[in-house]
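The values are calculated or read from the model by the stated rules, or taken from the named source; none is laboratory data. Values in this document were obtained by computation on a predicted structure and should not be read as measured data. Cβ placement follows ideal geometry from the backbone for every residue including glycine, while neighbour counts extend to all protein chains displayed.
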Amino acid sequence: MPSSERRLFLIDSNKAEFESRTRARLSKVVSVGAFDKCLKLPSRLVWSHNSVDTVTCNSFHLALTFAAQDRFTVKSPNGIAFSEFKGYDAWQVIARSQTEDGVKAIVGNAAMIKAYNDGIPANGKAVPDGAAMAKIEWSKKSNAASPYAVAVPDRLKSVSFMMKDAKGFPDTDGWGYAQFAYDSAAGNFKPFGNGPAFAKTLCHQCHIRGAKASDFVFTSYAPR
Ligand code: HEC
């Protein structure tokens, strides 16, 4: 990054101006290499926004900070907010799966991993309230550096969620469903569904068809 770019932000003390400049940069492609470099630079706390601390060091860092915040303001039309799954990017892997056009990671929060450790689905017990899973889906590409054929994630396509709350979701056997499609050009997530009905008529319908015997969960915990 040219140093002028960095100075531009450090002298921006007006909150509104600072925010509009940063938003204008959101649509730009963010380079991970530049971001890593940015993290090593001395940084400065500017202000707290949506309870997330924002630090300046250059425009790349700011763009990423704001992009991450935006996702947690998105809501599914059945009322489930993306923010209810905060931390999903660090949840433990249950298993991964692959289709013709993509690769996926299925991850679970601590309550879900405990349920697997306790023996679901073989023990016949229902998944307890508070358990949640995310299915993160990418398009795939082959890793050109590998001496053998290997498919690796390319673009992030979507993140789908299931959360167990027996009283909260009586119409879908206690499971709350939400899906957010990722637009990599714009760098933001769009909720799936035109109204609240999709969870019952689409998601749960198919999970009933294939996974009723395992409390509507398709994926088994893969040994490691
Ligand atoms: C046509 C069938 C079908 C529909 C519709 C469907 N799913 Fe699934 N879902 C599956 C299958 C099959 C799997 C497991 C295989 C895979 O994709 O990795 C799965 C896996 C999942 C998982 C990982 C946990 C598990 O059960 O294995 C989540 C989370 C999930 N789906 C959420 C959703 C959401 C949210 C919707 C609605 C927006 C939805 N699904 C709609 C078939 C479906």
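At-a-glance table
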quantity	calculated
Single unsatisfied condition, residue 149 versus (1) within 19 Å of residue 91 (Cα to Cα); (2) of a type in the set (A, V, I, L, M, F, W, C); (3) part of a loop (DSSP other than H, G, I, E, B)	(1)
Failed item, numbered, when residue 182 is tested on (1) over 13 Å from the mean Cα position of the chain (by Cα); (2) in a strand (DSSP E or B); (3) away from the ligand (no atom under 13 Å from the Cβ)	(1)
Hey, residue 217 of a type in the set (Val, Ile, Thr), within 21 Å of residue 95 (Cβ to Cβ) and away from the ligand (no atom under 15 Å from the Cβ) or not	no
Number of positions in segment 186-213 that are more than 7 Å from the ligand (Cβ to nearest atom), under 20 Å from residue 104 (Cα atoms) and among the small types (Gly, Ala, Ser)	1
Total residues in segment 56-99, condition acidic (Asp, Glu), over 21 Å from residue 196 (Cα atoms) and modelled with pLDDT of 95 or more	0
Residue within segment 117-127 that is surrounded by 20 or more Cβ atoms within 10 Å (Cβ to Cβ) and either outside any loop (DSSP other than H, G, I, E, B) or not assigned by TED's automatic domain parsing to the domain that holds residue 103 (or both) present	no
Output for segment 155-177, where each listed residue is over 11 Å from the mean Cα position of the chain (by Cα), modelled with pLDDT of 95 or more and not in a loop (DSSP other than H, G, I, E, B)	162, 163, 164, 170, 171, 172, 175, 176, 177
Identity of the residue in segment 208-224, surrounded by 14 or more Cβ atoms within 10 Å (Cβ to Cβ) and in contact (Cβ under 8 Å) with a residue 40 or more places away in the chain, that ends up nearest to residue 116 (Cα to Cα)	221
Pair list, Cβ under 8 Å, 6 or more apart: segment 97-108 residue touching a residue at least 60 places away in the same chain (Cβ under 8 Å), other residue in a strand (DSSP E or B) and small (Gly, Ala, Ser)	106/95; 106/97; 106/134
Out of 165, 183, sole residue that is of a type in the set (Asp, Glu), touching a strand residue (DSSP E or B) at 6+ places or on another chain (Cβ under 7 Å) and free of Cβ contacts under 8 Å to residues at least 12 places away in the same chain	183
